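J.: If you scroll down you'll find the structure; I have some questions about it.
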Amino acid sequence: MYQYPLTQHQEQTGVWLSCPNIPEMNASGDTLTEALDEALNGMESALSLYVDQRRKIPQASLPVGDELVMHLPALTVAKIMLWNSMLDNGVSRAELARRLGCTRQVVDRLVDFLHTSKIEQV
């Protein structure tokens, strides 16, 4: 469900990765290992764009051929599920803050993929 396929692209200068489900995602390095080390950062940056643009985050498709698979951390998956649920139910960040009895800033952090929240908060 949240194990995204990654396509490896070999260039003369190194390797870069893309994700067919999240086209905004990319990561690169001199080697595949370096590109994979950057993949989570690239994915979380791309997911942040979806939140900024109030777009639903797509589910992962099955890998095809020799595609790699990116297993997202539990915190990232929880944030995706929270964000998509908010959109599905028409709940704004301000409304969620009201329902939770917290500030809008707290909710902003809960759906910020670049902020390290505690899993129990999400």
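Each value in this text was obtained by applying a stated rule to the coordinates, not by laboratory testing. Predicted model only: the values in this text are computed from it and were never measured. A quick note on method: Cβ atoms are made from the backbone with ideal geometry, for glycine too, and the neighbour counts reach across all protein chains shown.
J.: Which condition breaks for Met25 when tested against (1) within 24 Å of Thr13 (Cα to Cα); (2) surrounded by fewer than 16 Cβ atoms within 10 Å (Cβ to Cβ)?
T.: All conditions pass for Met25, except number (2).
J.: Test Ala74 against the criterion of being surrounded by 12 or more Cβ atoms within 10 Å (Cβ to Cβ) and within 22 Å of Pro23 (Cα to Cα), and give yes or no.
T.: No, not satisfied.
J.: Out of the residues in the stretch 83-92 that are in a helix (DSSP H, G or I) and surrounded by fewer than 15 Cβ atoms within 10 Å (Cβ to Cβ), which is nearest to the chain's Cα centre (by Cα)?
T.: Per the criteria, the residue is Ser85.
J.: Looking at the structure I just gave you, is Ala39 touching a Gly at 6+ places or on another chain (Cβ under 7 Å), buried (at least 16 other Cβ atoms within 10 Å of the Cβ), more than 16 Å from Met1 (Cα to Cα) and in contact (Cβ under 8 Å) with a residue 24 or more places away in the chain?
T.: So Ala39 does not fit the description; no.
J.: Please find, within the stretch 103-122, the residue that is nearest to the chain's Cα centre (by Cα) out of those that are closer than 21 Å to Leu40 by Cα and basic (Lys, Arg).
T.: Taking the candidates together, the pick is Arg109.
J.: If you don't mind, there's one more thing I want to ask. Just to be sure, is Ala97 closer than 18 Å to Ile119 by Cα and loosely packed, with under 15 Cβ neighbours inside 10 Å?
T.: no
J.: How many residues, within the stretch 22-78, are of a type in the set (A, V, I, L, M, F, W, C), closer than 22 Å to Arg93 by Cα and outside any helix (DSSP H, G or I)?
T.: So the count comes out to 1.
J.: A further question on this structure: Taking the conditions exactly as written (loosely packed, with under 12 Cβ neighbours inside 10 Å and touching a residue at least 12 places away in the same chain (Cβ under 8 Å)), does Val69 satisfy them or not? Before the answer, list the steps.
T.: Working: loosely packed, with under 12 Cβ neighbours inside 10 Å: yes; touching a residue at least 12 places away in the same chain (Cβ under 8 Å): yes.
Answer is yes for this residue.
J.: I need a count of the residues in the stretch 93-115 that are part of a loop (DSSP other than H, G, I, E, B) and touching a Lys or Arg at 6+ places or on another chain (Cβ under 9 Å).
T.: Summing the residues that are part of a loop (DSSP other than H, G, I, E, B) and touching a Lys or Arg at 6+ places or on another chain (Cβ under 9 Å) in the stretch 93-115 gives 4.
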